[in-house]
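Visitor: Sharing a structure below in structure tokens format, with a few things to ask.
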Amino acid sequence: MSVPVILWIAAAVILLIIEAATVQLVTVWFAAGAVAAAFAAVAAPQNIIIQVAVFVVVSGILLAVTKPFVRKITRAKISPTNADRVIGASGIVTVKLDPISGGGQIKVMGQEWSARAENGEVIEVGERVEIVGLAGVKAIVHRLEAENAQTGERESAANRA
């Protein structure tokens, strides 16, 4: 066996080891290209240009043909959790949201959630908020201005009556 054949086989083995370590289908095409280049090295041991060309062409063709299929089968399937249901829901502040103390709770869909305002503002007890995201087990919320103004007007009218 000539030196170029051994080098191409070594490259294929190294690329397969990397593939096994990453399990992301990153180097498998190049490993196949290296095997094809090893065959080219057997046929033309002195012509490195042909060997490299075979490596590049075979790797490129395999990559182009199989990558869309591989992307389809390896795409992460995101399964929504029950917690995701609260995003977009509105709730009421039950413990003042205060970025300085880091405290705050809301009640949404009958459940108590630790919460903080997305822009770091203080939101008082009784104000309505909308959940815009989750950070771990903490709801990220923003104040519902229009609804709070309406609620305040109704409360003021009720207090005047």
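Visitor: When segment 4-32 is examined, which residues are found to be out of contact with any helix residue (DSSP H, G or I) (no Cβ under 7 Å at 6 or more places or on another chain) and free of Cβ contacts under 8 Å to residues at least 40 places away in the same chain?
Guide: I6, L7, A10, V13, I14, I17, I18, A20, A21, T22, V23
Residue-by-condition table, conditions (1) closer than 20 Å to I73 by Cβ; (2) touching a Ser or Thr at 6+ places or on another chain (Cβ under 6 Å):
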residue: V5; (1), (2): no, no
residue: I14; (1), (2): no, no
residue: E19; (1), (2): yes, yes
residue: V23; (1), (2): yes, no
residue: A31; (1), (2): yes, no
residue: A34; (1), (2): no, no
residue: V42; (1), (2): no, no
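Visitor: Report every pair of residues separated by at least 6 positions or lying on different chains whose Cβ atoms are under 6 Å apart, first residue within segment 83-103 and within 17 Å of A135 (Cα to Cα) and without any contact (Cβ under 8 Å) to a residue 60 or more places away in the chain, second among the small types (G, A, S) and part of a loop (DSSP other than H, G, I, E, B).
Guide: Matching pairs, first to second residue: P99/G120.
Visitor: Evaluate the following for A53: is it loosely packed, with under 14 Cβ neighbours inside 10 Å, modelled with pLDDT of 85 or more and not assigned by TED's automatic domain parsing to the domain that holds A117?
Guide: In short, yes.
Visitor: If you take the residues in segment 64-120 that are modelled with pLDDT of 85 or more and closer than 30 Å to A32 by Cβ, which one is surrounded by the most Cβ atoms within 10 Å (Cβ to Cβ)?
Guide: Per the criteria, the residue is T66.
Visitor: Quick check: is even one residue across segment 33-55 closer than 30 Å to M1 by Cα, in contact (Cβ under 8 Å) with a residue 24 or more places away in the chain and within 29 Å of the chain's Cα centre (by Cα)?
Guide: Checked against the condition, which is being closer than 30 Å to M1 by Cα, in contact (Cβ under 8 Å) with a residue 24 or more places away in the chain and within 29 Å of the chain's Cα centre (by Cα), segment 33-55 yields no hits at all.
Visitor: Ok, one more. Take the residues of segment 121-161 that are modelled with pLDDT of 90 or more and among the β-branched types (V, I, T): which is farthest from T94 (Cα to Cα)?
Guide: V132
The values are calculated or read from the model by the stated rules, or taken from the named source; none is laboratory data. Since this is a predicted model, take the numbers as computed values, not measurements. Cβ atoms come from the backbone with ideal geometry, glycine included; neighbour counts cover every protein chain shown.
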